[in-house]
Amino acid sequence: MTSESFKPIVYLKENCPFCLKVRLFLLESGLASEVESRDFAAGTEQEEAIRAELSPHLDKVSFPSAQLEPGRYIAESDDIIAFFAAKAGRDPTGMTVYRNYVDGVFAMSMKLWKENQELKKAASAA
Ligand SMILES: N[C@@H](CCC(=O)N[C@@H](CS)C(=O)NCC(=O)O)C(=O)O
């Protein structure tokens, strides 16, 4: 397959907050139809197959991941979004739904997760 005919692929885990960030960006930017989305649920055969595909190309498999060009894989939600935004000349900070999610529910869930980790650490040290 040539780079010209290649459709970029995103690998998205169901219910993953980082994957939802990428999903929202692709939908709101209108780029969803230009990207193939390989969605999977945790603990399925699909997940195993996707991990087997990604692991030779990434230092550490995490989701979301993407194959931007044939054989060029990355795995960081912000890097994936930055790639597609630059390619399409779109500014994610101007997208209402995306920004509301990133600054609202997503930021809050990250904050609560960190607080929870710290509390667990403090509780186990006490
Ligand atoms: N900084 C990463 C974090 C991604 C992340 O932690 N994703 C979780 C799923 S929600 C993950 O891949 N966990 C490890 C795994 O499933 O193997 C990003 O923004 O993409």
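The values are calculated or read from the model by the stated rules, or taken from the named source; none is laboratory data. Predicted model, so just to flag it, every value in this text is computed and none were measured. Backbone-built Cβ (ideal geometry, glycine too); neighbour counts: all protein chains shown. Please note that ligands, DNA and RNA were not included when accessible areas were found on the heavy atoms of the full protein model with its side chains. Shrake-Rupley method; radii C 1.70, N 1.55, O 1.52, S 1.80 Å.
List of remarks:
- At R0 = 25 Å, FRET efficiency that the Cβ-Cβ distance of residue 117 and residue 16 yields, to 0.05: 0.90
- Dividing the mean sequence gap of close Cα pairs (under 8 Å, 6+ apart) by how many residues the chain holds gives a relative contact order of 28 percent.
- Projecting the Cα atoms of 27, 63, 16 onto the charge dipole of segment 9-90, computed from C-beta unit charges around the Cα centre, puts 27 farthest toward the positive end.
- For segment 12-21, the Karplus equation 6.51 cos²θ - 1.76 cosθ + 1.60, evaluated at θ = phi - 60°, returns couplings of 10, 8, 4, 6, 8, x, 6, 5, 5, 4 Hz by residue, with Gly and Pro reported as x.
- Each residue, residue 7 and residue 55, gets one label point 7 Å from its Cα in the Cβ direction; the gap between the two is 2.8 nm.
- Springs join every pair of Cα atoms under 10 Å in this Gaussian network model of the chain, and among 89, 43, 104 the largest mean-square fluctuation is at 43.
- Measuring only protein heavy atoms, the 1.4 Å probe finds residue 79 accessible over about 90 Å².
- Placing pseudo-labels 7 Å out from each Cα toward the beta carbon at residue 27 and residue 41 gives an inter-label distance of 1.9 nm.
- Per-residue ellipticity at 222 nm computed for the chain from its helices equals -15000 deg cm²/dmol, with DSSP H segments shorter than 4 residues left out and the rest contributing -39,500 (n - 2.57).
- The angle separating the long axis of helix 77-88 from the principal Cα axis of greatest extent in the chain is about 30 degrees.
- Of all DSSP bridge pairs formed entirely within segment 1-68, close to 40 percent run antiparallel.
- Around the amide H of residue 65, modelled in the peptide plane, lie the amide H atoms of 11, all under 5 Å away and 5 or more residues distant in sequence or on another chain.
- Accessible area per residue in Å² at 1.4 Å probe, computed on segment 20-126: 62
- Straight-distance candidates among the lysines for linking to residue 7, with alpha-carbon spacing under 23 Å and chain neighbours fewer than 8 residues away dropped: 21, 87.
- Computed magnitude of the charge dipole of the chain (debye, nearest 20; Cβ of K, R +1, Cβ of D, E -1): 380
- For segment 73-126, carbon and sulfur atoms together expose 59% of the accessible surface, with a 1.4 angstrom probe and every protein chain in place.
- Per-residue Karplus couplings for segment 67-73, computed as 6.51 cos²θ - 1.76 cosθ + 1.60 with θ equal to phi - 60°, are listed in order as 10, 7, 9, x, x, 9, 9 Hz, Gly and Pro entered as x.
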